[in-house]
Each structure stands twice: as C-alpha cells, then as structure tokens.
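Enquirer: Quick one: this structure, given as structure tokens, is what I'll be asking you about.
Just so you know, all these numbers are worked out from the coordinates, no wet-lab data involved. On a predicted model such as this, the values are computed, not experimentally measured, just so you know. As a convention, Cβ positions derive from the backbone with ideal geometry for all residues, glycine included, and neighbour counts pool all protein chains shown.
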Amino acid sequence: MGKSTGLITNNIRALRFHCGEMTQQELADQVGVTRQTVNAIEGNKYSPSLEVAFRIARVFDVPLERTFQYREEVRAE
Amino acid sequence: MPRLPVAWRLKPQAEVCKARGRGLGGRTCGLCTWSRALQRHGGVRMEASAPKLYVTPTETLRSSSSGCQNYLTFTTGSAMMPMSRIFDIVSDISDIGMEQDMMDLSFQEKSLWLMFVSLIGSFGFYFTSVLPTQGVNLMPHQVVLFVLAIVLLVLMQVVGQIVIALVNRRTETDERDRLIELKGSRNGAYVLATGVFLTLCAALVTEGNFAFTHILLGFWVLAQLVEIGSQLFLYRRGA
C-alpha cells in the first residue's frame, strides 16, 4: 500500500479575473475574511474551512468543485 | 498546445463583457479591466486576437473593438499561452493595481511585532539590570525594577496599539487568525510547561527565592516569545 497525500488547489485567481479583475480585498469583504487570508488561500498556502469555501464559491456563483479541487497523490513506500 | 485550466474554459460564448455592451452576467471581464489599466500605463500594447494573446510591453496600447470577443475565444481552449504566463507578464507591469503578494502586514502581524519588541525591550532591561547582582533572595530594588519593566511594557503596548489601530483601518480577525493564534499558544505552552518543571527542580536544589522567581519569569518571557514568534512565522508561511 502506498501513502496518500492530498493537495487542495483552487481557481480563485481565474474566477477573480472573470469578475472584472475583482481585487482580493473586494473578495475578502464579500466572504468575511481578511485580504491576507484570501491571498494565502489563492496561493494554496492555507486551506479554508468548508464554510469559507462555500462562501467563496457563492461570490463567484459557481459550484464548489469549480472553485476548489482536491488532488490525491499516492506515493509508494 | 498547452491545456488550459478548467476555470478558463468555464465561460460560455454567450457571456460577453459589459464594457463591450453585451453583459457578462452584469460584470466586466478581466481583459477589459487590464486594458483600461494598461491604457493608463501608456507604454504597453495588449492585442487579443485568437488564437493567441500578445502582451508586448514596448508599444502603445491598441484596444480593438472586438477585444472581448477574442478574449472569449481565447477562454474556450484555443490559447497558445497559459493564463498563468499572462498573469506573470501583467504582474510585471506597474500601475495595474494588482495586489502585492503578502508584502503588507496585517493588523494582527503589526500587533504581534509590537508585543515581540516590547517584551524583549522591557524584560531585556530588567534581566540585564538584575541578573548580574545575584543573591539568595529578591532585594527591594529588584522588585522596583520589575515594576518598572511592567510599566514600560504596558506603556509601549498602549502607545503602540493606538498607533497601529490609527494606521490600520481594518482590525477584524478571521478563522485563519484564530488558527494561527491557537498554534502559537500550543508552542508557547510547551515552553512554559518545561519552564514550570525546571523551576520546581530549581526550588528543590537552591536556597531563597531569587533563582526560583527568575527561572520562572525567564521561562514565562521565553514562552511568550515562542508563542508570538510562532505566530509571526505562520503568518509569513501562510498558515
């Protein structure tokens, strides 16, 4: 059996672009988090809670799966 | 041909940018926003013509009336350049209003830096004054120095926090701040627990209260510095 590690990625940068180059601050205000948190999420440095993830998806009016993706990698031991 | 990320293929052809008068769900597309910013910049030409999008930072911008339609063609999957590359190019252009990557400190980070510096300042002053004069028990003038250190700490905190609050308009916290605070507290608690154990050991083998109080106080300060340092590190790393 291999050891599985997961990576959560997102399309927030692309979705902000589609929303007229929405700024991180504008997104943060609508979601209810700080701009630094949006920056960390966008850079895959921080995985948000389900609640924040849903709120982000709702701002862009897209399903959660189009905002965040989970990629599982299995490493052989 | 590079494969576009899923998000770049989401926009159906029917959705067209508001800036071009056709509405993109009532919004303006990113390319139009960029075009206006680049136009203000004056030294950049952005030409969107399917299947390629060129960004040349040397000539004057020429925005075609069909730019947005080309952009939409671009997003349907016929691009020769991945959007990540275009973001890299546009990021290099100043005056476009893109965010600085983690460059500015949040209110919480500034507040933590203030606490870190004021702790080192006040207790650095105390320990450098008291520790060279070792004794069995605490002397009255050492207690006065301790009170002075506390007053200095409180003053630095009050003045510093007021200044930070005046400079920062946004002082709200969120779930990431709370997570970082919890992780920092955990690291600080390890140091404090170790310090309490060592202080009890010192109390068994030393006479008087001088060593006991200063080992305990030293570990308390160290625990605070570890807690704050951990939080500052986590803020820089992301979480």
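Enquirer: Say we look at the stretch A:15-27 and pick out the residues that are more than 7 Å from chain B (Cβ to nearest Cβ) and among the aliphatic types (A, V, I, L, M); which of these is farthest from B:D174 (Cα to Cα)?
Expert: Filtering the stretch A:15-27 down to residues more than 7 Å from chain B (Cβ to nearest Cβ) leaves A:16, A:22, A:25-27.
Now restrict to residues that are among the aliphatic types (A, V, I, L, M): A:22, A:27.
Numbers: A:M22: 20, A:L27: 14 Å.
It comes out as A:M22.
Enquirer: Only one of (1) within 7 Å of chain B (Cβ to nearest Cβ); (2) more than 16 Å from B:T173 (Cβ to Cβ); (3) among the hydrophobic types (A, V, I, L, M, F, W, C) is not met by A:I12, so which one is it?
Expert: Single failed check for A:I12: (1).
Enquirer: Could you list, in sequence order, the residues of the stretch B:185-207 that are more than 14 Å from B:V221 (Cα to Cα), aliphatic (A, V, I, L, M) and surrounded by 11 or more Cβ atoms within 10 Å (Cβ to Cβ)?
Expert: Narrowing the stretch B:185-207 to residues more than 14 Å from B:V221 (Cα to Cα): B:186, B:197-198, B:200-207.
Keeping just the survivors that are aliphatic (A, V, I, L, M) gives B:198, B:200, B:202-205.
Correct list: B:L198, B:L200, B:A202, B:A203.
Enquirer: On to the next question. Of all residues in the stretch B:151-177, count the ones that are in contact (Cβ under 8 Å) with a residue 40 or more places away in the chain and touching a helix residue (DSSP H, G or I) at 6+ places or on another chain (Cβ under 7 Å).
Expert: Of the residues in that region, 11 qualify.
Enquirer: Among the residues of the stretch B:154-172, are any within 14 Å of chain A (Cβ to nearest Cβ), in a helix (DSSP H, G or I) and under 25 Å from the mean Cα position of the chain (by Cα)? I'd like the intermediate steps shown before the answer.
Expert: In the first step, residues of the stretch B:154-172 are kept if they are within 14 Å of chain A (Cβ to nearest Cβ); the result is B:168-172.
Next, only the ones that are in a helix (DSSP H, G or I) stay: none.
Looking through the stretch B:154-172, none of the residues is within 14 Å of chain A (Cβ to nearest Cβ), in a helix (DSSP H, G or I) and under 25 Å from the mean Cα position of the chain (by Cα).
Enquirer: Kindly provide the set of residues from the stretch A:40-60 that are within 7 Å of another protein chain (Cβ to nearest Cβ) and surrounded by fewer than 21 Cβ atoms within 10 Å (Cβ to Cβ), ordered by number.
Expert: Across the stretch A:40-60, the qualifying residues are A:G43, A:K45, A:S49, A:V52.
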